[in-house]
Structures are given as C-alpha cells and as structure tokens.
1. Rank by packing, highest mean first: peptides 427-434, 409-416, with packing defined as the count of other Cβ atoms within 10 Å averaged across residues.
2. What order do you get for 102-111, 351-360 when each peptide is scored by the mean count of other beta carbon atoms within 10 Å, highest first?
3. Give the dimensionless ratio obtained when the Cα radius of gyration of segment 334-475 is divided by 2.2 N^0.38 Å.
4. Can you work out D for segment 279-389 in µm² s⁻¹ from Stokes-Einstein, where Rh is the Kirkwood radius over C-alpha pairs, the temperature is 4 °C and the viscosity is 1.567 mPa s?
5. Going by the alpha-carbon gyration tensor, a ≥ b ≥ c the square roots of its eigenvalues, is segment 349-404 rounded (a/c under 1.5) or, if a/c is not under 1.5, prolate (a/b greater than b/c) versus oblate?
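Please treat every number below as a calculation from the coordinates, not as lab data. Everything numeric in this text was worked out from a predicted model, so none of it was measured. For neighbour counting, all protein chains shown are included, and Cβ atoms are generated from backbone atoms with ideal geometry for every residue, glycine included.
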C-alpha cells in the first residue's frame, strides 16, 4: 500500500472532488443519453473525470507528500528544543528546523529574554542584534493572525505594515510568524528562501504552522524553566511588549541631586500597559519630568508608550541643556499619531523644574491636573491641552509658576483615583487630595508609597483595574537627607 493510501487524506479528498462527475453521470442517466440535455450532462461528467484524474488528484497527492515531509522536518528538530534552557538555543533550533522543513532558507527569531530585553537570533549568529524602531510595525503585526506573507504586508497601507515591509526587505524574508502563548507575544519568526522557492505557496503552510507551534512551545518552556529556577513570575519578562515596557520605566530608587529630589512609583495591572514616566537631567541643575498614559492595556499601548519615550530621548539628546515642555509634547504627539493612527491615544504632562530660578514650566496634553505642594498646602496645577495622537500636528502652551525650595510637584495617572468596582465607590480625587494634604510635609522620597498604601487600605482585597503611576519631585534637596 502506498504512503498516501495509508494517510488516507489525499484519497478521501480525491473521492470527494470526484463526486461532481458521478452526479453529472447520474443526471445524464435520468434524462437519457439520447436527448440533448442528457448528452450535455454525460459529456460534462466525462470532462470532469478527466480533469480530476489528470490534474486534481496528482496535485493533491503531491501536495500532501510535501506537507508531510515539511512537518516531519519541523517536528524532528523542534521537539528536541524542549530540552533546551536558553532563548539562543531555541533560536538556533528554529533555524535548523526551518532548513530541514523547507530547504535552504534564511531563518531568524526575535524573542524576549527571561531576564528582560529582546534580540534577533539565527543559527549562524549572523543576524542583526536589533531591529531598530519598529514600534508601529509590532502594533500592526500583533493584530494579524496566522501566517503573514510579504504580499499581505505590501497590500496594507497602514504605517505599521510599512515598517514590517522594510524589515522584511532588510532581512530578505517572505514570511513572518507571530509566536503567541496564552495571549502573549513571545517572539517573531522570519523566513526567506535562498533557492527561489515560493514560500507563500500554500503547500508550505503546514510546515509554517508546525514551526510556529513547536517554537512557541519551546520558548514558553524556556520561560517556565526560568520561572521555576528563580521562583519568580513570568509577568515581568514573558513577552516582547513587556520587555519593551520594562525598559521604559526608571527604577523606583530615590533620586537625589543638588537641585532636586524625586521618586517614582509604577504598578502595572497586566503584563504590559500604557503608562509611562521619565525624568532627565538638563543643564544648570534643571530636571525634566514626563508622565503619560496610553489608552487601553496590552501590547499596543505598551508599544505606543515606547514610541513616546523614544521621542523624549531623541529631543533630550539634541536639547539636553533645556527643553520647552510644550515643544516636547508636540514632538511626542507626532510619534503617537504615527504609531497609533487615531486608534490609540495618549495623555501626557511635561514639566521642567529649575532650582536656580525657583520656577517650574509645564504643559498638559489631556493629562490629570498635577498637585502642587507648598508646606502642608495643596493646590491643583491647572493647564489644559488636547490629548496626544488626535492629529498629526498639535501645539501645547507652556505655563510657568514659582517653585521655591521645598515645594513639591506630584504627577499621577488616573489608575489610583479610578480604582474601585461597581459595588465599591472609586477611591476618587477627593480622597486622594486629602491623602496628599496629609503627607505633604513628608519627604518626597516617601510620599508615593504612602499614597498607594492609603489607596490599598481603602480598597481592601479589591483588585485595581488600571496601571498606577506616581511621581513626586521636590525643588532643592531635603537637608536632613544624606548624599545619595
């Protein structure tokens, strides 16, 4: 018995596709072969049978042989990768498996590391270590399902697709496979033929599905082994968007400089979110503070936040002596619009504290009004502006006010004030403001944790539904604090 007979699929499909011929012959018999309609039906039956025997069945059988061969090659190598303990090993296994499955090809794997970060891996280690800025591309790719071909990418007019198209040209690949596990993006696999093979041909799709499935399992296994070894959690390092999100946030250690002190607090509600805060030292002891909140949760808002942070870094690199907060929000707006394409927006607030002139300049792009503390007095720092990403160009007014030594500025996202459930009233701005007044005279390095502890006490066991980000900065140093 032939291999294809043992498999059964080509013969079953062949039989099913031969049924129209039998149906035509039956109809011809009912009408009678001597009448014109019967003769036409009989001729159609013979013609369909010839097409089926000469064209359809051989292609079915040959295609099934190709699929089985491809899948066997993929499974043979990638099953072994379940014993591997590093992302590099999985990447090399993926490259070898791809070559076994589809012949000479270029195979690259972009994956997150268990300890954070992301890189590109290939069997010969000749791949680039970075993609560069493909934030919009990652957002677009995250919305695609299954096997993504170069023709699909080129047919799309979305900016994200343009970035993926550029990456595919750089690496000279024709296929991209998003690797997802339980809703998380672990990595991206890319494949390109070296012998002129048309990888977009459906005959290869079985191999691609197998490659994708086994590589995803192997990557997940690496992360699970890492979790077991460290007794930690996968939440912080499991997918690419999370790896990017971690790189956005400064650590929560206190910052003490000659002209200022500050402390940030960030608590994500999911593996990755859209909150962002950043600080940068400027000239003459000035400090730039930025807080932002992208709409939604998950990979897309996290990648939007990455684009916003990139614009902050770019402006700081070119204007490190001083930055106008309104101009910075305009630059961020362009980045958010380009990536979000009005599907995702962002609110943001930027401020520059100048301890030498004892002033603060600030601009608002739809963000919650910050709180300004002078001694135990608390006031709202009012400044209005449109959210980022609604239009390709936007201007934001820069305001200024005195900020004496010891004065404090508190920036926050709405996760803390909106925390609650339909059965429990939200924590609310009124309670939050009372708590700020209670702790206004405390060190700025302690205030964020004290405020969050107050919210947690109010909520009890209720889980917070949004990311929480707080930043408190003080003009001048607290004399009782030692040098950091």
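1. In descending order of packing, they fall as 409-416, 427-434.
2. Working: 102-111: 22.4, 351-360: 19.9.
Per-residue mean Cβ counts within 10 Å order the peptides as 102-111, 351-360.
3. Values: Rg = 16.3 Å, N = 142, 2.2 N^0.38 = 14.5 Å.
Taking the Cα Rg and dividing by 2.2 N^0.38 Å, one obtains 1.13.
4. Details: Rh = 14.4 Å.
Rounded to a whole number, D works out at 90 µm²/s.
5. Details: a/c = 3.64, a/b = 1.79, b/c = 2.03.
Here segment 349-404 falls in the oblate category.
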